[in-house]
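The values are calculated or read from the model by the stated rules, or taken from the named source; none is laboratory data. Computed from a prediction, not measured in an experiment: that's the story for all the values here. Methodologically, a virtual Cβ is constructed for each residue, glycine included, from the backbone with ideal geometry; neighbour enumeration extends over all protein chains shown. Calculation scope for accessible area: heavy atoms of the full protein, side chains included, ligands and nucleic acids excluded. Shrake-Rupley method; radii C 1.70, N 1.55, O 1.52, S 1.80 Å.
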Amino acid sequence: MNAPPTHLKFGYGTNGFTHHRLADVLTVLADLGYDGVALTLDHGHLDPYADDLPRRVAVLARQLARHRLDVTVETGAPYFLDPWGKHRPTLMSGGAEQRIDLLRRAIRIAADLGSPTVHLCSGPAPDGLPEQDAWKRLADGVRTVLETAERCGVALAFEPEPYMFVDTVERCLELARRVDGHELFGITLDIGHAHCVDEHPVLDCVALAAPLLRNVQIEDMRRGVHQHLEFGAGEIDFPPVLAALRDLGHHGLVSVEIQGGSLDAPDVARRSLEFLRAAAD
């Protein structure tokens, strides 16, 4: 059994730096003292469909090593596959093969970068699709993607997301059961999302997710309002949350996700790290 870490490892999501070149994002985060980066695959920072993808990934791997940054790969860019449909197509909808292809590409990129996980979420179920059919399609799609995960040695880290088909930790655990408790199926717990929509208190969500926890995303939020806020602008009491993560021995990144902070990204990232370090003491 791994010993609990002496400190949590804090990262920052590239989706909060949309106006920066990726190389500059890494420099800023390293200079601020972050431990890692949550890399969202998208058309701006790292396009998984780029013609010169192998070269870009190799360059990025060297940059991460130079800055001594851990990385986790994310696939949550909302309009990456469909300019009209947010998070579409999903594994439950027509065109699911596009989502499967993206996830497979993400897994191979993660393996090349040394990321232990690939983040994904369910997206919305198609209108009119019975719930059991949606569960079956989602589980079938995840099982297909897990075949690539097995070959590459990269885990899936599934995130419950407000107002999606899988929106709570318990529904994520249900999906884990439907893929037969596969050892490479895990959870990304977003602290703000848990406060926003889960019926359980945040600390209970941490405990529920703990056996499968791979990644943590963190930001402030208000109950019932899916808006990623800077720390202190919402309702969450963070010191007990960070203590719980440390006590359960979480070794993955705890990554700030404030997409709306891109216009002031360096300052938002600085304030966020200062807050988290103080809250974790």
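Shape verdict for region 92-205, please, from the Cα gyration tensor: rounded (a/c under 1.5), prolate (a/b greater than b/c) or oblate.
Judged from the Cα gyration tensor, region 92-205 comes out oblate (a/c at least 1.5, b/c at or above a/b).
What figure, in Å² to the nearest 10, do you get for the accessible area of R246 with a 1.4 Å probe and non-protein molecules left out?
60 Å²
Two decimals, Cα atoms only, Kirkwood Rh: what is Rg/Rh over region 31-130?
1.02
Let me have the 222 nm mean residue ellipticity of the chain computed from DSSP H runs of 4+ only, each contributing -39500 (n - 2.57), with the sum over all residues rounded to the nearest 500.
Mean residue ellipticity, 222 nm, calculated: -13000 deg cm²/dmol.
Provide the percentage of antiparallel DSSP beta bridges, counting only those with both residues in region 134-281; round to the nearest 5.
Bridges in region 134-281 are about 15 percent antiparallel.
Counting only DSSP beta bridges with both residues in the chain, tell me the antiparallel percent, nearest 5.
5 percent
So, in Å, what gap is there between the alpha-carbon centers of region 101-140 and region 1-63?
21 Å
Near the amide H of V256, under 5 Å away, which other amide H atoms are found, from residues 5 or more places off or on another chain, if H is placed in the peptide plane?
G11, Y12, G13, I218
Using θ = phi - 60° and the Karplus relation 6.51 cos²θ - 1.76 cosθ + 1.60, list the HN-Hα couplings for region 133-140 in order, rounded to whole Hz, with x at every Gly or Pro.
These are the phi-based 3J(HN,Hα) values: 5, 5, 4, 5, 4, 5, 5, 4 Hz.
What are the residues whose amide H is under 5 Å from the amide H of T90, where those residues sit 5 or more places off or on another chain and H is modelled from the backbone?
Answer set, sorted by chain and number: none.
Counting only residues 5 or more places away or on other chains, whose amide H sits under 5 Å from the amide H of D70 once H atoms are built in the peptide plane?
Answer set, sorted by chain and number: G36, V37.
Relative contact order for the chain using alpha-carbon pairs under 8 Å, separation at least 6, rounded to a whole percent?
21 percent
Could you go through region 149-161 in sequence order and give the Karplus-derived ³J(HN,Hα) for each residue, using 6.51 cos²θ - 1.76 cosθ + 1.60 with θ = phi - 60°, rounded to whole Hz, and x for Gly and Pro?
4, 4, 5, 9, x, 10, 8, 8, 10, 7, 9, x, 10
Please compute the net charge surrounding A155, taking Lys and Arg as +1 and Asp and Glu as -1 over other residues with Cβ under 12 Å from its Cβ.
With Lys, Arg at +1 and Asp, Glu at -1, the neighbours total -1.
Which whole-Hz couplings ³J(HN,Hα) result when phi for each residue of region 40-53 is put into the Karplus expression 6.51 cos²θ - 1.76 cosθ + 1.60, θ = phi - 60°, listed in order with x for Gly and Pro?
So the J values, rounded to whole Hz, are 8, 5, 7, 6, x, 8, 8, 8, x, 10, 5, 4, 9, 4.
Can you give me the % of accessible surface on the chain that is carbon or sulfur? Probe 1.4 Å, all protein chains present, nothing else counted.
Solvent-exposed carbon and sulfur of the chain make up 49 percent of the total.
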